[in-house]
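Below: the structure, in structure tokens.
What follows draws every value from the coordinates through simple rules; no lab data is involved. None of these values were measured; they are calculated from a predicted model. Every residue, glycine among them, receives a Cβ derived from its backbone with ideal geometry; neighbour counts consider all protein chains shown.
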Amino acid sequence: MGAIYLSLGAVCFGTNTGLVIARYGLRDHLMWMSAAFWATLSICAYGAWLPYAPYAIPVVFIAGVATLLRFHATRRAFLCVLAATVSYAASSVVFSFLFQPTAIPGVATFVTSVAIEAVVLARLRPVDSHEVAS
């Protein structure tokens with residue numbers, strides 16, 4: 001059962017990674033952070049059936065998040081990635097409850113959730129000095 005939730009988390013971070021790449025490029029620090037979470041959750045979902053995975057996955061994940069929140073340089077970027085990803089997940093859940101899971105509302109739900117995530121990402125992204133100069 002845990003692999004399902006890890007997979008859903010990986011999907012959420014995967015859409016965020018795609019949005020960051022499309023908007024800010026491959027060398028952006030938000031892309032690397034989002035891609036790292038995407039890869040980590042994907043690997044954890046794949047290995048969730050291993051015997052010690054239920055003990056190791058939460059410890060590794062909590063240690064990684066605590067490390068990111070400890071340093072001021074990574075805290076804002078992490079919270080920006082997390083807020084955009086949570087907005088996607090929350091809007092997907094809300095839309096899934098509002099509409100029957102058929103093909104057309106499913107596509108509309110996905111597109112709308114990605115649009116909401118893009119708006120949140122654009123509003124919360126930390127402003128870099130090179131963006132202010134241009």
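The table for this structure:
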| item | result |
| --- | --- |
| Electrostatic dipole magnitude of the chain [Cβ: Lys, Arg +1; Asp, Glu -1; Cα centre; debye, to 20] | 200 |
| Shape of the stretch 21-96, Cα gyration tensor, a/c cut at 1.5 | oblate |
| Positive-pole candidate from Ala48, Leu19, Ala84, dipole of the chain, charges at beta carbon | Ala84 |
| Exposed chymotrypsin sites (Phe, Trp or Tyr not before Pro) absent: longest stretch of the chain, with sites in DSSP loops and at most 16 other Cβ within 10 Å deemed exposed | 1-48 |
| Using θ = phi - 60° and Karplus 6.51 cos²θ - 1.76 cosθ + 1.60, couplings along the stretch 14-21 (whole Hz; Gly, Pro as x) | x, 5, 5, 4, x, 5, 5, 5 |
| Label point distance in nm, Leu98-Leu8, each placed 7 Å from Cα along Cα→Cβ | 1.8 |
| In order through the stretch 111-116: 3J(HN,Hα) via Karplus (6.51 cos²θ - 1.76 cosθ + 1.60), integer Hz, x for Gly, Pro | 5, 5, 5, 5, 5, 4 |
| Nitroxide proxy distance, nm - points 7 Å out along Cα→Cβ at Val119 and Leu69 | 2.8 |
| Diffusion coefficient, µm² s⁻¹, Stokes-Einstein with Kirkwood Rh over alpha-carbon pairs of the stretch 2-133 at 10 °C and 1.306 mPa s | 101 |
| The chain - mean residue ellipticity at 222 nm from DSSP helices (-39,500 (n - 2.57) per run, n ≥ 4, rounded to 500) | -29000 deg cm²/dmol |
| Calculated from backbone phi, Karplus (6.51, -1.76, 1.60) coupling profile of the stretch 44-59 in Hz, x at Gly/Pro | 5, 5, 5, x, 5, 7, 5, x, 9, 4, x, 8, 7, 4, x, 5 |
